[in-house]
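Here the structure comes first, spelled out in structure tokens, and everything after it is commentary.
The values are calculated or read from the model by the stated rules, or taken from the named source; none is laboratory data. Just so it is clear, the structure is predicted and the values come from calculations on it, not from any experiment. Every residue, glycine among them, receives a Cβ derived from its backbone with ideal geometry; neighbour counts consider all protein chains shown. Surface accessibility is based on the protein's heavy atoms, side chains included, excluding ligands, DNA and RNA. Shrake-Rupley method; radii C 1.70, N 1.55, O 1.52, S 1.80 Å.
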Amino acid sequence: MRTLYVVTHPEATHHVEGVVGGWHDSQLTPAGVRAAVSIAQALRARIPNGAEVELFSSDLQRTLQTAMEVAELFGVKPVLDRRLREKSYGEAGGKPQEWLDQRFIPPPAVGERMEHDEGIEGSETKAAWAQRIYAATDDILRNPCEHQVIVTHGGCLTFVVAYWIKMPIEWAGYASFRAPSGSITTLHEDDFFHNRQVVSLGDTLHLDSAQAG
């Protein structure tokens with residue numbers, strides 16, 4: 001049996017400042033820090049005491065801050081992996097969202113989408129982004145640990161889930177599994193059939209306590 005919990009970091013400074021995230025190294029806001037505590041507490045409630053837990057995180061500050069709250073409750077050290085970073089928007093990173101919106105070239109409805117050039121200097125293609133997330137997830141799942149936590153970014157969730165259900169990467173051009181900031185997605189594989197289930201996608205019920213605080 002294996003359960004994989006995929007956390008999307010909560011509110012960060014780039015959200016409230018209206019600038020492009022990507023590899024721009026923003027930090028959690030005070031509200032985001034409270035939400036990170038709630039995320040850790042929700043995971044603690046779901047994972048049995050004494051169970052082995054592995055924790056993996058993007059190396060950007062907003063994900064690392066989230067992962068450290070989880071690490072404290074479970075007594076583990078996060079494994080940082082830059083492959084779990086959000087998509088790089090190249091020169092748009094840290095600039096006003098309007099700047100990106102005015103220049104962004106959306107992918108075609110039909111035709112090449114994975115290698116599509118979005119018109120932003122230095123921006124990753126969807127193919128390059130997906131390839132590194134698939135590779136990172138593959139390495140994580142090579143470990144036999146029954147409870148694993150990945151702290152990553154909202155955009156990256158699509159490719160973690162796509163890899164989990166064994167979607168061929170060349171078919172991922174239309175895939176989109178959206179989840180709010182600060183969410184927990186729970187993925188489960190049973191020991192008998194070895195079927196892979198998406199138990200919940202983008203759960204945010206745990207954030208009620210953070211908002212109340």
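Considering every pair of different Cα atoms, what Kirkwood radius, in Å, is found for the range 111-213?
On the way: mean 1/r = 0.0654 Å⁻¹.
The answer is 15.3 Å.
Taking H as built 1.01 Å from N, whose amide H comes closer than 5 Å to the amide H of residue 12, not counting residues under 5 places away?
29
Whole number in Å², please: accessible area per residue of the chain, 1.4 Å probe, ligands, DNA and RNA not counted.
Working: 10150 Å² over 213 residues.
Per-residue value: 48 Å².
Mind ranking 144-150, 49-55, 121-127, 193-199 by how tightly packed they are, going by the mean number of other C-beta atoms within 10 angstrom, highest first? Each step should come with its number before you reach the end.
Numbers: 144-150: 19.0, 49-55: 13.9, 121-127: 16.7, 193-199: 11.3.
The packing order, highest mean first, is 144-150, 121-127, 49-55, 193-199.
Of the heavy-atom accessible surface of the range 1-121 (probe 1.4 angstrom), what whole percent is carbon and sulfur?
Here carbon and sulfur together make up 51 percent of the probe-accessible area.
Kindly report, to the nearest 10 Å², the accessible surface of residue 167 as traced by a 1.4 Å probe over protein heavy atoms only.
The accessible area of residue 167 comes to roughly 40 Å².
Considering amide H positions built from the backbone, and no H for Pro or chain starts, which residues 5 or more places from residue 202, or on another chain, come under 5 Å of its amide H?
184, 185, 186
Just from its helices, what would the mean residue ellipticity at 222 nm be for the chain, if runs of 4 or more DSSP H residues each count -39500 (n - 2.57) and the sum is divided by every residue, rounded to the nearest 500 deg cm²/dmol? Numbers along the way, then the final one.
Numbers: 7 runs with 76 residues, N = 213.
Roughly -11000 deg cm²/dmol at 222 nm, from the helical runs in the chain.
Taking the full set of protein chains and a 1.4 angstrom probe, give the accessible area of residue 89 in square angstrom, rounded to the nearest 10.
Roll a 1.4 Å probe over it and residue 89 shows about 60 Å².
For the chain, with a Gaussian network of springs between Cα atoms less than 10 Å apart, report the residue from 169, 184, 39 with the top mean-square fluctuation.
Per the Cα network of the chain with a 10 Å cutoff, 169 tops the list.
Using square roots of five times the C-alpha gyration tensor eigenvalues, list the equivalent-ellipsoid semi-axes of the range 13-76 in whole Å, biggest first.
Those come to 25, 12, 7 Å.
Please state, as a whole number in µm²/s, the translational diffusion coefficient that the Stokes-Einstein equation yields for the range 32-172 at 20 °C and 1.002 mPa s, with Rh defined as the Kirkwood radius across alpha carbon pairs.
Reported coefficient: 129 µm²/s.
If 33, 6 are ordered by their accessible area, calculated over protein heavy atoms with a 1.4 Å probe, which sequence runs from highest to lowest? Don't skip to the answer; put the middle values down first.
Details: 33 55, 6 0 Å².
Final ranking, largest accessible area leading: 33, 6.
Would you mind classifying the range 148-205 by shape? Square roots of the alpha carbon gyration tensor eigenvalues, ordered a ≥ b ≥ c; an a/c under 1.5 is rounded, otherwise it is prolate if a/b is larger than b/c and oblate if not.
It comes out oblate by the Cα gyration axes.
Students often check this: by mean Cβ neighbours within 10 Å, which of 185-192, 98-105 ranks highest, and how do the rest follow?
For the peptides 185-192, 98-105, the packing ranking is 185-192, 98-105.
What is the P(r) of the range 20-114, as percent of Cα-Cα pairs per 5 Å bin from 0?
With a bin width of 5 Å, the distribution comes to 3, 12, 17, 17, 15, 12, 9, 8, 5, 2, 0.
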